[in-house]
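Worksheet for the structure shown next.
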Amino acid sequence: MREKIPPLETLHQMYYYMALSRAIDTRLWQLGRQGKAHFVITPAGHEAAQVGAAMALRQGYDYFVPYYRDMTMCLAAGMTARDMLLHVRGAPEDPSSGGRQMFGHFSRRDLNIVSGSSSVGSQMLHAVGLALAFRNRGEDRVTLTGFGEGATSEGDWHEAMNFAAIHQLRVIFFCENNGYAISVPAHLEIGRVGVADKAAAYGMPGIRVDGNDILAVYETVSAAHAQTRAGGGPILIEAMTYRLLPHSNADDDSKYRASEEVQAARARDPITQFSTWLKDQQLMSDAEQQTMDARITQEVDAATEYAYSRPEPTEELLYQHVYAPGRTA
Amino acid sequence: MSEPREITYAQAVREALRQAMQRDPQVFLLGEDIGVYGGAFGVTDGLLDEFGSERVRDTPLSEAVIAGTAIGAAVTGMRPVAEIQFMDFITLAMEQLVLQAAKMRYMFGGKARVPMVLRTPAGSGTGAAAQHSESLEAWFVHVPGLKVVMPSTPYDAKGLLLAAIADDNPVIFIEHKLLYKTKGFVPEEYYTLPLATSEIKRKGKDLTLIATSVLVARALEAATQLAQEGIEIEIIDPRTLKPLDTAAMIQSVCKTGKALVVHEAPMTGGFGGEIVAQLCASEAFDFLDAPIRRLAGLDVPIPYNRELEKRAVPQVADIVREARALVRGEY
């Protein structure tokens, strides 16, 4: 039994964001198969970790610097089904990139969500730069950056961790360790110790948490948030998770993962685990779940219809935003 | 020579890798997802089973590891063939390639050799937007000490890759994602093509068109269309950008009096500028009866939308239009 259980409203929101993400993801794969979305990348399996992390931050004040698998995090930070469908459609109204960037590079200025990079790990340095700027400006904003364990093999990760630690910046490094950098298994990419253990080398706390347990992640990130906000320096959290689907719609995961392994992970699907727990604890009724699921279906359908009824971008888009207008040197 | 079979560009690259590894135990591969997965584009498929994980090494996500350890192994006399999964990510290996691989022999006073090859797929056309579609060849041509190869056909890919692996210098070997599935006749046995010979891909009298990589294929298609209008264009593929063989293109321009240079990378600072400069500084200058024209990518990042992506880089219709205008004097 847990000692602290968040309020009912928070618990239902958690379920809603996870289920919404899964429904959008399912729709994206369908669109991919229909040839209507040429690139799809999935958060399936990571939902508990991402919602638990996002809901521990102050929306609209703290900053998110996610990576390409963080769709669920971005939904829990305020993005909508429509935002995601416009993004995958590449519509000019796409709030993430105005139809310029491939799916998975989520961004909304009003929600303080900063677009990540295709090249793995680059965004963590930006997160540290944001935190540096906030500190210089006397703001206590916290920046959370998401990344997979694969990104910790890049020098950029170590350099970001080092610099954040030197200056005791308000950064939460949120690692979603799903055990694979596309096809390369963890033992060949991150060595003999876990990601969290490496925090010690930079003199920052490194905490491993069950990324399938949304409440554990929520508690961990909430505590980390309070600590770093109070000036306790950066914190590394390693959420242990699993990617339930191929890396992207260009991937064939049967080449590198046994189907038994994937099936076993599906049996521990974080969304089912959470909804079962909510019902066992009588914190969510069947009717409440059905109401949320119906609302989600309606939202995803409406978002799809909207995004796919928008006009194609015109040639003008090609030339816009290569440079900022206005002041020149 | 045995009868050439028709195989794809990806198969030709794989065959070159296999034959190099069979002939020389010093040759090994390293890169992301090249082992069990067989490479993001399937190029190294089956090589792990054939040669084992010591010679087909999956690396972590670290371009610095891929390029830097290849250099370290190469100076011991091994012949690493490194793969960067998308040319865009070569940006993360630039220090190793530009400051280290390129200059090590020079700075060591000739005591070291760096016989490594770095293979990487460049180019747009897959709907993968601005950070998965770059054509960055001009950066490497600018660095003394590096060789740069950019094959346009399966035959060239195999022979040039085998030559690059046998070469004692660092070679940047730039493949193109859209060429991987294209087919061509390739001899089964080991052969090399010299790293400094261009090739005339089509004979013609009205215009000299110099193109690289996937634009060679588009130029050939354009030439077929133009031939129906009575316009005969001569297409020259440099194949290696550095060292660059200018003899054939100079001779061709002396004959046609007109030159069009075509590549996918953005025009400004692109490799085409070097070709134009070489032609202008040669005897071909006296034979020019029109300005030399360039047709290249727009000076914009590659967008996600498939139609706009096509508009950002030269397509067959663009080549037809430009070539026709140049031949007719309507530029």
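The values are calculated or read from the model by the stated rules, or taken from the named source; none is laboratory data. Not measured: the values here are computed from a predicted model. Cβ atoms come from the backbone with ideal geometry, glycine included; neighbour counts cover every protein chain shown. Protein only, heavy atoms only, side chains kept; ligands, DNA and RNA dropped before computing areas. Shrake-Rupley method; radii C 1.70, N 1.55, O 1.52, S 1.80 Å.
What the table below lists for this structure:
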read-out: MRE, 222 nm, helices only [DSSP H, n ≥ 4, -39500 (n - 2.57), over the protein assembly as shown, to nearest 500]; value: -11500 deg cm²/dmol
read-out: Partner chain coverage, peptide A:7-14 - average Cβ within 10 angstrom; value: 0
read-out: Other protein chain Cβ atoms within 10 Å, averaged over every residue that makes up B:52-63; value: 5
read-out: Size of electric dipole in the protein assembly as shown: Cβ of Lys, Arg +1 and of Asp, Glu -1, about Cα centre, debye, nearest 20; value: 860 debye
read-out: Accessible surface of A:Cys175 - all protein chains present, 1.4 Å probe, nearest 10 Å²; value: 0 Å²
read-out: Dipole axis of region B:199-328 (+1 Lys, Arg; -1 Asp, Glu on Cβ), positive-most option in B:Ile200, B:Thr240, B:Ala323; value: B:Ala323
read-out: Residue-normalised accessible area of region B:101-200, expressed per residue, 1.4 Å probe, Å²; value: 35 Å²
read-out: Heavy atoms of B:Glu83 accessible to a 1.4 Å probe, total area in Å² rounded to 10; value: 10 Å²
read-out: At R0 = 45 Å, FRET efficiency that the Cβ-Cβ distance of B:Arg55 and A:His167 yields, to 0.05; value: 0.55
read-out: Size of electric dipole in chain B: Cβ of Lys, Arg +1 and of Asp, Glu -1, about Cα centre, debye, nearest 20; value: 340 debye
read-out: Centroid-to-centroid separation of region A:199-234 and region A:68-96 [C-alpha atoms, Å]; value: 26 Å
read-out: Area hidden from solvent between B and A (accessible, protein heavy atoms only, 1.4 Å, total, Å²); value: 2800 Å²
read-out: Intensity falloff of region B:217-269 expressed as log10 I(q)/I(0), Debye formula with alpha-carbon point scatterers, at q = 0.18, 0.21, 0.23, 0.32 Å⁻¹; value: -0.73, -0.96, -1.08, -1.26
read-out: Kirkwood hydrodynamic radius (C-alpha pairs) into Stokes-Einstein, chain A, 10 °C and 1.306 mPa s, D in µm²/s; value: 78 µm²/s
read-out: Region B:1-68 versus region A:135-196: alpha-carbon centroid distance in Å; value: 31 Å
read-out: Cross-link partners of B:Lys255 among aspartates and glutamates (Cα-Cα below 13 Å; sequence separation of 8 or more within a chain); value: B:Asp206, B:Glu232, B:Glu234, B:Glu283, B:Asp286, B:Asp289
read-out: Helix axis angle, B:271-280 relative to chain B longest principal axis, alpha carbon, degrees; value: 50 degrees
read-out: Two-decimal ratio, region A:142-273, of alpha-carbon radius of gyration to 2.2 N^0.38 Å; value: 1.10
read-out: Kirkwood hydrodynamic radius over Cα pairs of region B:65-200, then Stokes diffusion coefficient at 25 °C and 0.890 mPa s, in µm²/s; value: 160 µm²/s
read-out: Lys/Arg +1, Asp/Glu -1 at C-beta; chain B dipole; positive extreme among B:Ala211, B:Ala281, B:Ser124; value: B:Ala281
read-out: Part-to-part distance (alpha-carbon centres) for region A:254-297 and region B:84-136, which is given in Å; value: 44 Å
read-out: Shielding by partners - mean other protein chain Cβ count within 10 Å, residues of A:94-103; value: 4
read-out: Packing-based order for B:273-279, B:107-113, A:119-125, using average beta carbon neighbours within 10 Å, highest first; value: A:119-125, B:273-279, B:107-113
read-out: Accessible area (Å², 1.4 Å probe, nearest 10) - B:Phe41; value: 70 Å²
read-out: Accessible area expressed per residue, region A:13-311, with surrounding protein chains retained (probe 1.4 Å, Å²); value: 36 Å²
read-out: Accessible surface of the protein assembly as shown [probe 1.4 Å, protein heavy atoms]: carbon and sulfur percent; value: 52 percent
read-out: Dimensionless Rg/Rh of region B:199-328 - Kirkwood Rh, Rg from C-alpha atoms; value: 0.95
read-out: Complex-versus-alone comparison for region B:15-38, residues with a loss of 30 Å² or more in accessible area, probe 1.4 Å; value: B:Asp33, B:Val36, B:Tyr37
read-out: Percent of alpha-carbon pairs separated by more than 28 Å within chain B; value: 40 percent
read-out: Cα-centred dipole magnitude for region B:5-186, charges only on beta-carbon of K, R (+1) and D, E (-1), debye, nearest 20; value: 520 debye
read-out: Most to least packed among B:9-21, A:254-266, A:202-214 [average Cβ atoms within 10 Å]; value: B:9-21, A:202-214, A:254-266
read-out: Where Rh is the Kirkwood radius over Cα pairs, Rg/Rh for the protein assembly as shown; value: 1.01
